[in-house]
Amino acid sequence: MLDDDHRCRSGKQCVNRTPEAAAATTKPDTLCSACVDEIQDCRDRLGAATDALKLFIGIKVQGVGVKVSASKTPPAPINIAAHDLITEIDVLMFRVGNLLVRDLIKQPLTKVKYWSAEFEQLRVWDGVDWALQIRHLYRRALALTGFERSWQRRHAPCRDCSLPCLGQMSGSEVVQCSNCGTCMSDVEYQNYCVELVKGK
Ligand SMILES: [Zn+2]
Ligand SMILES: [Zn+2]
């Protein structure tokens, strides 16, 4: 059996995950190449996703020319979530800059301070942690705005966290949990539903 050091650090979100575990990696403590490619894709789209988020809450985006007048009603919770997400993306971009994901994951542990919900947090993360953060924040931005593709709910409770948060981006073969991030293929989902019915 392979030790955990040689498993893709994406864990349950690994693109090449088997039903048992994340993909094997040749080097320890890193990501598999499929995840590196997927995260690079997220990185390339993050700017557009952030613009979509800003439009969504009425911040003027340079070059797009949408102006939303100030509203007297207090911001809805979803706007606060979007504001927090934009801050998180700023922190991420500050750290990541223009590094390609394949270079980013070789970066050593660094400390980054940031403000979150009124308190200061210190993150001590390595390059892989930041790469995973790219995927995480990109997906959150997509989920909030419905940008590009739409989320279709799958109705069984999540196999791992038991919450009713499973769904699928339209056109995607992967069923994933918006709460804990677990992934399974469409076929695995069908089999899992059969097991649920049988009361396993
Ligand atoms: Zn992986
Ligand atoms: Zn879950």
**Considering residues of segment 124-161 that are at pLDDT 85 or above, in a helix (DSSP H, G or I) and of a type in the set (Gly, Ala, Ser) only, the residue farthest from ligand 1 (Cβ to nearest atom)** = ALA141
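Restricting the search to segment 1-24, which residues are surrounded by 18 or more Cβ atoms within 10 Å (Cβ to Cβ) and touching a Leu at 6+ places or on another chain (Cβ under 7 Å)?
The answer is CYS8, ARG9, SER10.
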**Request:** With respect to LYS113, determine if the residue is at pLDDT 95 or above and basic (Lys, Arg).
**Result:** no
**Complete:** Pairs returned, first residue in segment 150-176 that is of a type in the set (Phe, Trp, Tyr), second residue that is more than 16 Å from ligand 1 (Cβ to nearest atom), beta-carbon separation under 6 angstrom, 6 or more apart or interchain, are TRP151/GLY167
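Let's see how each residue does on (1) within 26 Å of MET93 (Cβ to Cβ); (2) away from ligand 2 (no atom under 16 Å from the Cβ); (3) of a type outside the set (D, E, K, R):
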{"residue": "ASP4", "(1), (2), (3)": "no, yes, no"}
{"residue": "ARG7", "(1), (2), (3)": "no, yes, no"}
{"residue": "CYS14", "(1), (2), (3)": "yes, no, yes"}
{"residue": "THR18", "(1), (2), (3)": "no, yes, yes"}
{"residue": "ALA24", "(1), (2), (3)": "no, yes, yes"}
{"residue": "ALA34", "(1), (2), (3)": "yes, yes, yes"}
{"residue": "CYS42", "(1), (2), (3)": "yes, yes, yes"}
**Prompt:** Is at least one residue of segment 1-8 under 22 Å from ARG139 (Cβ atoms), part of a helix (DSSP H, G or I) and either within 16 Å of ligand 1 (Cβ to nearest atom) or at pLDDT below 90 (or both)?
**Reply:** no
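The values are calculated or read from the model by the stated rules, or taken from the named source; none is laboratory data. Just so you know, these numbers come straight off a predicted model, no measurement behind them. Neighbour counts run over all protein chains shown; Cβ positions are idealised from the backbone, glycine included.
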